[in-house]
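Asker: Got a structure for you, questions after.
The values are calculated or read from the model by the stated rules, or taken from the named source; none is laboratory data. Note that the structure is predicted; figures quoted are calculated from it, not measured. Positions of Cβ are generated from backbone atoms using ideal geometry, with glycine treated the same way; all protein chains shown enter the neighbour counts.
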Amino acid sequence: MKNILSQPELRLLINMDAKAADMILIDWIDSAGSAGWKLPEECCGELSKCQSVGFLVEETDEFYCVALNRSFNCNTENPFGDLMTIPKVAVTKVKRVK
């Protein structure tokens, strides 16, 4: 069975305004830890410097929500998958990806 879309379905895929989402690159800081017994001078290390890229699903005053995946299936009501919410207090830089 071939998976060929009709012309109306293709137009719907190309004009996904309702599901449109910008791609963004976020630099952010996360906590870091280690296991085991340590000397006092070994206890404190650096914070984890992280970077995430994805589709911007939601932005509030408190966080960015990005999705790693987006479906272009015409029949889906939930087009985004693998969501991550990053608190803005942890964000050091945000860049729109073109």
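Asker: When only residues in the range 78-90 that are in contact with a Phe, Trp or Tyr (Cβ under 9 Å, 6 or more places away or on another chain) and closer than 13 Å to residue 53 by Cα count, which is surrounded by the fewest Cβ atoms within 10 Å (Cβ to Cβ)?
Answerer: By that ranking, first place goes to 85.
Asker: Within the range 41-58, does at least one residue satisfy the condition of being surrounded by 13 or more Cβ atoms within 10 Å (Cβ to Cβ), at pLDDT below 80 and in contact with an Asp or Glu (Cβ under 7 Å, 6 or more places away or on another chain)?
Answerer: No; the residues of the range 41-58 include none that is surrounded by 13 or more Cβ atoms within 10 Å (Cβ to Cβ), at pLDDT below 80 and in contact with an Asp or Glu (Cβ under 7 Å, 6 or more places away or on another chain).
Asker: Another question, then. Inspect all residues belonging to the range 13-27 and state whether any of them is touching a helix residue (DSSP H, G or I) at 6+ places or on another chain (Cβ under 7 Å) and at pLDDT 80 or above.
Answerer: no
Asker: Can you tell me which of 85, 76 is at pLDDT 80 or above and either in contact with a strand residue (DSSP E or B) (Cβ under 8 Å, 6 or more places away or on another chain) or at negative phi (or both)?
Answerer: Being at pLDDT 80 or above and either in contact with a strand residue (DSSP E or B) (Cβ under 8 Å, 6 or more places away or on another chain) or at negative phi (or both) holds for just one of 85, 76, which is 85.
Asker: If you don't mind, another one. Report whether or not residue 68 is among the aliphatic types (A, V, I, L, M), out of contact with any Phe, Trp or Tyr (no Cβ under 7 Å at 6 or more places or on another chain) and at pLDDT 90 or above.
Answerer: yes
Asker: Moving to a separate point now. Select from the range 31-72 the residues that are part of a strand (DSSP E or B) and of a type in the set (Asp, Glu) and list them in ascending order.
Answerer: 58, 59
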